[in-house]
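For reference, the structure is listed below as structure tokens.
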Amino acid sequence: DQVTLPEELHQNSIRHLALGPDGTVAFAMQWQGEVTDGVPLLGLHRRGAPVQLADLPLSEAIAMKGYAGSVAFDGAGDRVAITSPRGGRVQIFGNDGSHLETIRRSDVCGAAPSAAGFLFSDGMGGLLELGAQLRPLQSRPGRAWDNHVVSLRNATT
């Protein structure tokens, strides 16, 4: 399939992709317009269907500062997350694009699936896991993780 965004979102640049277990493609975007525009930064696409743009409350969309640094499905494929190191936020959505939760974390960017749910990294050396609750896995002060995290552990074990 080849899909395009609506013309009014022509300043949205697709930067990161994640593939869900059912074949859904999630894509994270970076807005090249005014950060106060509060545009969608997550899209979902299923083969043969139109693009679905995830909606956030306007205050949360603006807080993302037009920047999604990473995208990942959780280990079960039930939820999808985008991160914003500029906004200091993780936005959690259902795999249908419905907004479920906002997590505030300074300089958070890396996102990957984990057996419990998600693995996140930040620029302060922190690794966190989100399952039923958010818990720190380790902290390495003086280290800064970049926005590309890959879970090497099988997400189903």
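The values are calculated or read from the model by the stated rules, or taken from the named source; none is laboratory data. Quantities reported herein were computed from a predicted structural model and do not represent experimental measurements. Ideal geometry is used to build each Cβ from the backbone, glycine not excepted, and the neighbour counts take in all protein chains shown. Areas reflect the complete protein model, heavy atoms only, side chains present, ligands, DNA and RNA absent. Shrake-Rupley method; radii C 1.70, N 1.55, O 1.52, S 1.80 Å.
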Quick check, is residue 42 at negative phi, in contact with a Phe, Trp or Tyr (Cβ under 9 Å, 6 or more places away or on another chain) and not β-branched (Val, Ile, Thr)?
yes
What number goes with the only condition from (1) over 18 Å from residue 120 (Cβ atoms); (2) free of Cβ contacts under 8 Å to residues at least 24 places away in the same chain that residue 9 does not pass?
(2)
Just the residues that are hydrophobic (A, V, I, L, M, F, W, C) and part of a strand (DSSP E or B), please, taken from segment 50-80.
53, 71, 72, 73, 80
Going residue by residue through segment 63-70, is there one that turns out to be within 19 Å of residue 19 (Cα to Cα), out of contact with any Cys (no Cβ under 9 Å at 6 or more places or on another chain) and at pLDDT below 95?
no
Please report, ordered by residue number, the strands (runs of 3 or more DSSP E) entirely within segment 81-157 with at least 1 residues that are modelled with pLDDT of 95 or more, touching a strand residue (DSSP E or B) at 6+ places or on another chain (Cβ under 6 Å) and surrounded by fewer than 21 Cβ atoms within 10 Å (Cβ to Cβ).
89-94, 99-104
Those residues of segment 1-49 which are in contact with a Ser or Thr (Cβ under 9 Å, 6 or more places away or on another chain), hydrophobic (A, V, I, L, M, F, W, C) and not in a loop (DSSP other than H, G, I, E, B) amount to 18, 28, 29, 31, 44
Evaluate the following for residue 77: is it under 26 Å from residue 132 (Cβ atoms) and either open to solvent by less than 30 Å² (accessible area, probe 1.4 Å) or acidic (Asp, Glu) (or both)?
yes
Looking only at residues that are among the hydroxyl-bearing types (Ser, Thr, Tyr) and closer than 16 Å to residue 85 by Cα in segment 43-70, which one is least open to solvent (accessible area, probe 1.4 Å)?
70
